Each structure stands twice: as C-alpha cells, then as structure tokens.
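K.L.:
After the structure tokens below, expect a handful of questions from me.
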Amino acid sequence: MDLGIRGKTALVCAASKGLGKGCAISLAREGVNLVITARGREALEATAAELSKFKIDVQFVVGDITTAEGRSAALKACPSPDILVNNAGGPPPGDFRDWDRDAWVKALDANMIAPILMIRAVVDGMIAKKFGRIVNITSGAVKAPIPELGLSNGARTGLTGFIAGLSRTTVQHNVTINSLLPGPFDTERLWANMEFNAKKLGKTAADLAKVRRDANPARRFGTTEEFGDACAYLCSAQAGYITGQNLLLDGGSYPGTF
Ligand code: NAP
C-alpha cells in the first residue's frame with residue numbers, strides 16, 4: 001500500500017534509538033524527508049546515516065527536546081513539518097513518596113508540556129497547508145497504569161486528555177493528532193526498567209524478561225519495526241479520518257474487550 005506521503009517532511013523527536021528510530025525508518029521507507037533529534041550526537045549521526053540510504057533528505061539536530069533550547073533548535077531546522085512525531089525519554093521509575101515537586105515538574109515538562117508546545121509551534125502551519133499528521137508516543141500506562149512508573153502514568157495521561165480535545169478541532173483541516181501506546185517493546189528503555197525491577201526482586205533482568213514474555217499473549221516483546229509501521233500508517237494520506245485515538249500496541253496484553 002502506498003501511504004501517499006512521499007516528499008512530505010517529518011520532524012521525529014527523540015529518534016536516534018528505539019521507538020522514535022523505528023518511526024523514522026518507516027517514514028523514510030515511504031519517501032518522507034526527515035529531521036531527527038536526540039541529545040547524544042554519536043547515535044543520532046549513525047541513525048541519520050542509516051536513514052540516508054532511503055534516498056531522502058535527512059537532517060539531524062542534537063538537543064534535549066524537553067527544553068526550550070532543544071525545541072527551538074529542532075523547529076529552526078524544521079519550522080513547517082507535514083508530520084510531527086512527539087517523543088522523549090520516559091520519567092524514572094520509583095516510589096511516589098520519594099518524588100518532590102521538582103520531580104513532578106520535570107516529568108510534566110518532558111512528557112506532557114514539551115509535546116504540547118511542539119504541537120502549538122507547528123499545528124497552524126499544518127492547518128494552512130490542509131495536511132498534517134501528529135503522532136505522540138505515549139505508553140500503555142495511559143490505559144493501564146504501571147505501579148512503579150507513577151510519574152509516567154500521571155504526565156502522559158495529562159497529555160492524552162489535552163489531545164482528546166484538540167484533535168477534534170483540527171481534523172476538519174485534514175490535521176490529525178493521535179497517540180501510540182507502546183506495551184513492552186525491545187528497546188534500551190525496556191531493559192533499563194527490567195534492570196530496575198530485577199534489582200528490587202533480587203533477580204536478573206533476563207529472568208524477568210522471560211516472565212514478561214511468557215505472560216504476554218503474543219509470548220514476545222514488540223519490535224521497533226512493528227511500532228514504526230503503525231506510526232507510518234497514522235501519518236498516511238489514507239488516515240485522515242482517524243483522530244484523537246490512542247492505539248495500544250501491546251501484543252494483546254491489556255485484557256479489556258475494548
Ligand atoms: P530508548 O530506546 O531509550 O530510546 C529513546 C530515544 O529518545 C533515544 O534516541 C534517546 O537519545 C532519545 N531521547 C531521550 N530523551 C530525549 C530528550 N529529552 N530529548 C531528545 N531525545 C531524547 O526508549 P524507547 O523504548 O524508544 O522509548 C521511547 C518512549 O516510549 C519513552 O518515553 C518510553 O518511556 C516510552 N515507552 C517505551 C516502552 C518500551 O517498551 N520500549 C513502553 C512504554 C513506553 P538520547 O538519549 O541520546 O537523547
């Protein structure tokens with residue numbers, strides 16, 4: 001299926017590794033020109049080189065997307081994207097008794113306010129062009145909270161509530177806003193959380209990974225390729241009637257009928 005977005009431009013935040021990189025690769029395969037960001041230069045440069053093999057224009061911007069400077073650098077390189085993929089690292093796990101106001105403000109900044117400010121910067125340009133696709137990478141925690149990830153549960157649900165309203169106002173201009181909710185995907189972040197829980201339980205991360213894979217109806221973790229392809233579809237020309245949705249990609253782990 002041709003997704004009808006060849007020649008469009010996407011700004012994919014936090015895309016040197018993991019899920020963001022998966023989205024960038026799937027969009028590149030569709031012929032979308034890319035601006036990708038991350039804090040670390042080395043992995044970002046390597047990913048940009050990998051993406052250039054798809055014969056598209058690729059730029060990379062080193063910076064922290066949760067800061068005003070990081071966002072303005074990304075937007076300077078890509079002031080008027082057709083596609084925006086919002087992403088950043090997730091907040092650390094822990095016990096809510098240990099989180100003071102600063103910890104909460106940091107989580108809200110990174111996983112709620114940063115994506116909202118990115119949308120604010122680009123959405124009117126998309127409306128003027130009568131085409132825009134915005135995808136937020138959030139978490140399965142929005143649908144079913146993860147106890148040790150309270151900062152993530154809280155901040156991402158705030159973003160989701162805001163998007164629910166905004167997305168209904170932009171779709172008449174062919175600008176859609178949706179979120180992808182990853183369950184367990186095989187990335188560095190997954191293994192970092194696994195190490196945290198393993199240490200608490202006196203087990204190894206490999207032991208825990210086996211337990212988690214076995215408990216998932218798919219009996220495995222998701223791949224970044226699967227995640228990226230779902231993102232590319234939401235960014236497609238054909239997906240103009242899908243907005244304000246929260247698509248759970250978790251191998252069937254969430255047990256609800258809906
Ligand atoms: P990952 O493998 O650790 O990759 C994170 C990517 O984001 C890297 O390229 C990283 O590069 C970049 N990044 C992180 N913080 C950034 C920032 N402040 N500014 C710019 N770039 C930043 O993580 P992932 O698994 O892909 O996770 C992506 C998001 O999905 C996270 O918010 C995570 O919590 C969420 N999530 C993941 C899973 C899962 O199973 N993997 C499940 C639920 C939710 P630098 O470090 O160089 O900046």
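K.L.:
Run residue 97 past the list (1) within 13 Å of the ligand (Cβ to nearest atom); (2) without any contact (Cβ under 8 Å) to a residue 24 or more places away in the chain; (3) not hydrophobic (A, V, I, L, M, F, W, C) and report the number of the one that doesn't hold.
P.N.:
Every condition holds for residue 97 apart from (1).
K.L.:
Kindly establish whether residue 38 is within 15 Å of the ligand (Cβ to nearest atom), touching a residue at least 24 places away in the same chain (Cβ under 8 Å) and farther than 24 Å from residue 109 by Cα.
P.N.:
When the stated conditions are applied, residue 38 does not pass them.
Rundown of residues vs (1) within 11 Å of the ligand (Cβ to nearest atom); (2) closer than 21 Å to residue 138 by Cβ; (3) not small (Gly, Ala, Ser), yes/no style:
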position: 6; (1), (2), (3): no, no, yes
position: 18; (1), (2), (3): yes, yes, no
position: 26; (1), (2), (3): no, yes, no
position: 33; (1), (2), (3): no, no, yes
position: 48; (1), (2), (3): no, no, no
position: 51; (1), (2), (3): no, no, yes
position: 64; (1), (2), (3): yes, yes, yes
position: 70; (1), (2), (3): yes, yes, no
position: 77; (1), (2), (3): no, no, no
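K.L.:
A further question follows. Considering only residues that are of a type in the set (A, V, I, L, M) and within 13 Å of the ligand (Cβ to nearest atom), which ones fall in the range 53-62?
P.N.:
Correct list: 61, 62.
K.L.:
Which of the residues belonging to the range 129-143 are open to solvent by 40 Å² or more (accessible area, probe 1.4 Å) and at negative phi?
P.N.:
Within the range 129-143, 129, 143 qualify.
K.L.:
Give the residues of the range 154-168 that are crowded, with 20+ Cβ neighbours inside 10 Å and of a type outside the set (A, V, I, L, M, F, W, C), sorted by residue number.
P.N.:
Across the range 154-168, the qualifying residues are 156, 167.
K.L.:
Hey, another quick one. Checking residue 235 against (1) away from the ligand (no atom under 16 Å from the Cβ); (2) touching a Pro at 6+ places or on another chain (Cβ under 6 Å); (3) not acidic (Asp, Glu), which single condition isn't satisfied?
P.N.:
Condition (2) is where residue 235 drops out.
K.L.:
With the requirement that a residue be within 12 Å of residue 226 (Cα to Cα) and basic (Lys, Arg), what does the range 2-38 give you?
P.N.:
Answer for the range 2-38, where residues must be within 12 Å of residue 226 (Cα to Cα) and basic (Lys, Arg): just 21.
K.L.:
While we're looking at this one, here's another question. Looking only at the range 175-228, filter to residues that are of a type in the set (Val, Ile, Thr) and within 14 Å of the ligand (Cβ to nearest atom); which one of those is nearest to residue 243 (Cα to Cα)?
P.N.:
Among residues in the range 175-228 that are of a type in the set (Val, Ile, Thr) and within 14 Å of the ligand (Cβ to nearest atom), the one nearest to residue 243 (Cα to Cα) is 224.
K.L.:
Under 6 Å by Cβ, and 6 or more places apart or on different chains, what pairs join a residue from the range 238-255 that is closer than 12 Å to residue 215 by Cβ with one that is open to solvent by 50 Å² or more (accessible area, probe 1.4 Å) and part of a loop (DSSP other than H, G, I, E, B)?
P.N.:
Taking only residues 6 or more apart or on different chains, the pairs are 251/217; 252/217.
K.L.:
Can I ask one more? In this structure, does residue 89 turn out to be on the phi > 0 side of the Ramachandran plot and within 16 Å of the ligand (Cβ to nearest atom)?
P.N.:
Criteria not met by residue 89.
K.L.:
Show me the strands (runs of 3 or more DSSP E) entirely contained within the range 10-128 in which 2 or more residues are open to solvent by 10 Å² or more (accessible area, probe 1.4 Å) and of a type in the set (A, V, I, L, M, F, W, C).
P.N.:
Filter on the range 10-128 gives 58-62.
The values are calculated or read from the model by the stated rules, or taken from the named source; none is laboratory data. Bear in mind the structure is a predicted one, so any value in this text is a computation, not a measurement. Reconstructed Cβ throughout: ideal geometry from the backbone, glycine too, with neighbour counts over all protein chains shown. We work out accessible area using only protein heavy atoms, side chains counted, and drop any ligands, DNA or RNA first. Shrake-Rupley method; radii C 1.70, N 1.55, O 1.52, S 1.80 Å.
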